[in-house]
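Working notes, beginning with the structure itself.
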Amino acid sequence: MQSAVIVFPASNCDRDAAVALEKVTGRKPLMVWHQETSLPRVDFVVIPGGFSYGDYLRSGAIAARSPILKDIIQKAKTGLPVAGFCNGFQILTEAGLLPGALMRNKGLRFVCRPQKLKIVNRDTMFTRAYRGKDEITVPIAHFDGNYYADNETLNTLKQSGQIVFKYIDNPNGSLNDIAGICNKAGNVLGMMPHPERAVDPLTGGTDGVGLFKSVLEAIR
């Protein structure tokens with residue numbers, strides 16, 4: 001599987017994502033600068049966490065209008081698997097690939113800690129490897145992780161099985177404890193927690209490995 005990581009000004013988790021992808025797939029991902037206008041031939045794209053463009057305007061708002069996003073949007077609509085973590089989730093909502101918005105945390109505090117998540121839907125291309133596992137623990141580190149959507153959108157997410165992860169002990173006030181969602185087609189995932197930071201027992205556990213293994217299995 002050939003993967004790619006998109007790099008923006010002020011990305012700070014692009015290397016974490018690259019390490020995680022190489023560890024699971026055995027192949028170094030391509031690092032794609034945001035000013036590129038087209039993706040190379042890849043099977044999976046990760047939009048990493050960080051503070052792209054310093055979070056000016058709104059988190060992810062400027063990055064969502066980067067040249068590379070036009071091609072990502074087009075290819076995602078034809079089935080290319082795309083995952084966005086933390087700022088990557090914010091970028092995906094700003095780009096219109098996922099519904100809803102990420103607002104300031106309840107209490108207006110930055111949260112940074114290991115976080116327990118409930119796997120709500122194990123039948124996605126991002127969660128199938130978590131066989132028999134209902135909960136995982138992965139790090140969070142964000143100030144704008146409070147997920148919001150209107151009632152109609154929330155009902156659609158529930159009915160379509162698009163809610164993939166929920167927080168246990170909600171850290172940021174997210175609606176319905178939502179930590180991660182996918183699109184209706186199931187090939188685009190956004191989540192505020194950082195699975196790429198949970199792939200080594202020495203640096204926070206290995207509960208993130210299952211997500212990358214799931215994608216690898218789905219593509220194979």
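Just so you know, all these numbers are worked out from the coordinates, no wet-lab data involved. Just so it is clear, the structure is predicted and the values come from calculations on it, not from any experiment. Neighbour counts run over all protein chains shown; Cβ positions are idealised from the backbone, glycine included.
Could you give me the ³J(HN,Hα) list for the range 199-206, computed from phi with Karplus coefficients 6.51, -1.76, 1.60 and θ = phi - 60°, whole Hz, x at Gly and Pro?
Result, rounded to whole Hz: 10, 9, x, 7, 10, x, x, 10.
Would you calculate a helix-derived [θ] at 222 nm for the chain, using -39,500 (n - 2.57) for each DSSP H run of n ≥ 4 and dividing by the full residue count, to the nearest 500?
After summing the helix terms and dividing by the residues of the chain, the value is -6500 deg cm²/dmol.
What are the semi-axes of the equivalent ellipsoid of the range 1-127, taken as the square roots of 5 times the eigenvalues of the Cα gyration tensor, listed largest first and rounded to whole Å?
Equivalent ellipsoid of the range 1-127: 22, 19, 15 Å, largest first.
Can you spot the lysines whose alpha carbon is less than 30 Å from residue 70's alpha carbon? Ignore those fewer than 8 places along the same chain.
Those lysines meeting the cut-off are 23, 28, 158, 166, 184, 213.
When ranked by the protection proxy of mean other Cβ atoms within 10 Å per residue, highest first, what sequence do the peptides 150-161, 206-217, 60-71 form?
206-217, 60-71, 150-161
For the chain, calculate the relative contact order in percent as a whole number, restricting contacts to Cα pairs under 8 Å that are 6 or more residues apart.
This gives 21 percent for the chain.
Can you list residues from other chains, or at least 5 along the same chain, whose modelled amide H is less than 5 Å from the amide H of residue 145?
Result for residue 145 returns 105.
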